[in-house]
Every structure is written in structure tokens, then in C-alpha cells.
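Visitor: Have a look at the structure that comes next, please.
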Amino acid sequence: MKQILLTGLVSLGLVSYSDAGLITTYSNRANFDAAVSPLPTTLEDFTDTYHFPISTGVLNSATNLPGINLFPGDIQAGVTYSTPIGYNFFFNIDSGGAYVGGFLDAFFGGDPNRELTITFDSPVSAFGFDTNHRMGTDFDIAIEFTSGPNFIQNFGVTNSTSMEFFGFQSSAADISQVTLSGNGDSVFAFVLDNFTFTNDSAAVVPEPSTFALLGIGGLALVGYGWRRKRQQAA
């Protein structure tokens with residue numbers, strides 16, 4: 001019996017542990033869209049005009065700032081965009097600059113290390129966005145998973161007004177948060193538009209580890225019952 005329990009506990013430890021998903025990057029939106037299909041996606045275009053400053057430092061579907069004509073429902077549900085509170089125009093929905101309609105940006109506002117935090121209501125498997133030279137020549141991104149180490153990488157941006165796409169897909173629906181920041185060679189701390197993310201909760205299935213645990217428990221019970229029968233027969 002002790003041996004069976006020990007085997008079950010060791011197996012339990014093995015199947016309960018999970019690494020972070022593997023990230024695939026995309027520079028073409030059409031390829032990204034094809035890769036994440038048939039999962040439903042949400043596209044955030046940050047409205048069709050400007051709203052600034054976002055004085056709370058928080059932007060989501062519940063944001064209510066009548067003074068800048070930004071109301072609940074203007075931003076798509078499922079994600080929260082935030083940055084530490086600063087001064088002046090530290091967080092904005094801007095317009096112009098080769099972008100269509102509004103786009104999300106920030107001036108440094110007293111924080112030379114200002115960054116954007118993107119928090120998903122529930123874990124997703126993929127996201128992407130457009131940017132251009134207003135981001136600067138490069139940016140840093142950190143992807144936080146529900147388990148395992150973060151994905152941290154630097155990406156260069158073409159010095160052009162044209163939109164450039166950056167997409168990220170995990171091998172699992174385990175992306176919980178993203179941190180994004182330009183590297184200070186622009187007047188903006190960060191700039192992005194057309195933020196897209198998958199709605200993985202629409203296709204939830206039981207995790208393989210659940211079935212593995214049930215199997216281990218069943219085998220342990222069968223083995224224990226068989227051993228008891230042999231002891232009683234003897």
C-alpha cells in the first residue's frame with residue numbers, strides 16, 4: 001500500500017507541473033490571423049478619435065471619463081491597459097501620425113522607465129498589435145504566463161510612418177499579462193494600435209493533467225483492491 005501511495009504521489013507531482021508555452025512570433029498580420037484561427041479574436045482600435053489624458057492610468061471597458069468623452073463600453077472587454085500615474089499627458093488615446101482613428105500612447109510624464117501593462121481577464125494564447133516609428137527604434141516586451149518563466153525579448157521597429165505588426169502566439173492558453181516599453185529614443189514611452197487577442201475561454205477543454213490524475217487514482221484503487229483480495233484469500 002505504501003508503495004502504491006508513493007508512486008501515486010510522485011506521479012501527481014510530475015503531471016501537475018507545467019511549463020510556460022512556447023512563443024511563436026509573427027511580423028505579418030494575415031499569417032497571425034491564420035495561425036490563431038478558428039479561435040475567436042477581439043480587435044481593439046482605441047475608438048475613432050482622441051481622448052486625453054487618461055488621468056486614472058487605467059483603461060478598460062469600465063473606464064468612465066466624461067471630461068474626455070470616454071465612456072463605459074468604448075473599450076472592448078477582456079483586457080485592462082495600465083501605466084503608473086504621472087503628470088501631463090502620461091497616458092492617452094491619440095490620433096493622427098499615420099494611424100487610423102485613435103491609438104494608445106504615453107509620454108514619459110516624469111517616468112523615464114514608463115511602461116504599459118496589459119492584463120487579460122482570463123489567460124489567452126495569442127495577441128498582436130500595430131506600431132510604427134513613434135514607438136522608437138526598438139521596444140522591450142515581457143510576456144507573463146500562468147506558470148513558468150517569462151518570455152522577455154527586444155524587437156526593432158522600422159523607421160517609417162507605415163504600420164508594422166508584431167504578433168505573439170503561445171502553444172497554450174497561458175498568457176496572463178504583457179509589459180511593453182519603448183527604449184527612450186522617441187518622445188513617446190510606447191505607442192500601439194489595433195490590439196488583437198484571442199478569446200480562448202470560448203473553447204475551454206479539460207486539461208490533460210486532469211485525465212492523468214484520474215487515471216493514476218483509478219490504477220491505485222484497482223491495485224489496492226486486488227492486493228486486499230489476495231490477502232483475504234490467503
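Visitor: How much of the DSSP bridge set in the range 20-206 is antiparallel, in percent, rounded to the nearest 5?
Guide: Details: 51 of 51 bridges.
Rounded to the nearest five, the antiparallel share is 100 percent.
Visitor: Give me 94, 138, 185, 74 sorted ascending by neighbouring Cβ count inside 10 Å, so fewest comes first.
Guide: Values: 94 22, 138 13, 185 10, 74 18.
Sorted ascending by nearby Cβ count, the order is 185, 138, 74, 94.
Visitor: Give the order of 19, 130 when sorted by the count of other beta carbons within 10 angstrom, beginning with the fewest.
Guide: 19, 130
Visitor: How large are Rg and Dmax for the range 20-206 when only the alpha carbon atoms are used, in Å?
Guide: 15.6, 47
Visitor: R0 = 25 Å: FRET efficiency of residue 183 with residue 25, Cβ-based, nearest 0.05?
Guide: The formula returns an efficiency of 0.85 here.
Visitor: Projected area of the range 71-113, taken from the Cα convex hull and averaged over every viewing direction, in nm²?
Guide: 4.1 nm²
Visitor: Related question: Run the numbers on the range 20-206 and let me know its relative contact order in percent, using alpha-carbon pairs under 8 Å that are six or more apart.
Guide: 30 percent
Visitor: Stretch residue 49-residue 159 to full length: gain in nm at 0.36 nm per residue minus the Cα-Cα span?
Guide: 37.2 nm
Visitor: I want to check the label-to-label distance for residue 122 and residue 152. Put each point 7 Å from Cα in the C-beta direction and report it in nm to one decimal.
Guide: 3.1 nm
Every number in this text was worked out from the coordinates using simple rules, so none of it is lab data. Treat the numbers as computed from the prediction; the structure is a model and nothing was measured. We place every Cβ from the backbone using ideal geometry, glycine too, and count neighbours over all the protein chains shown.
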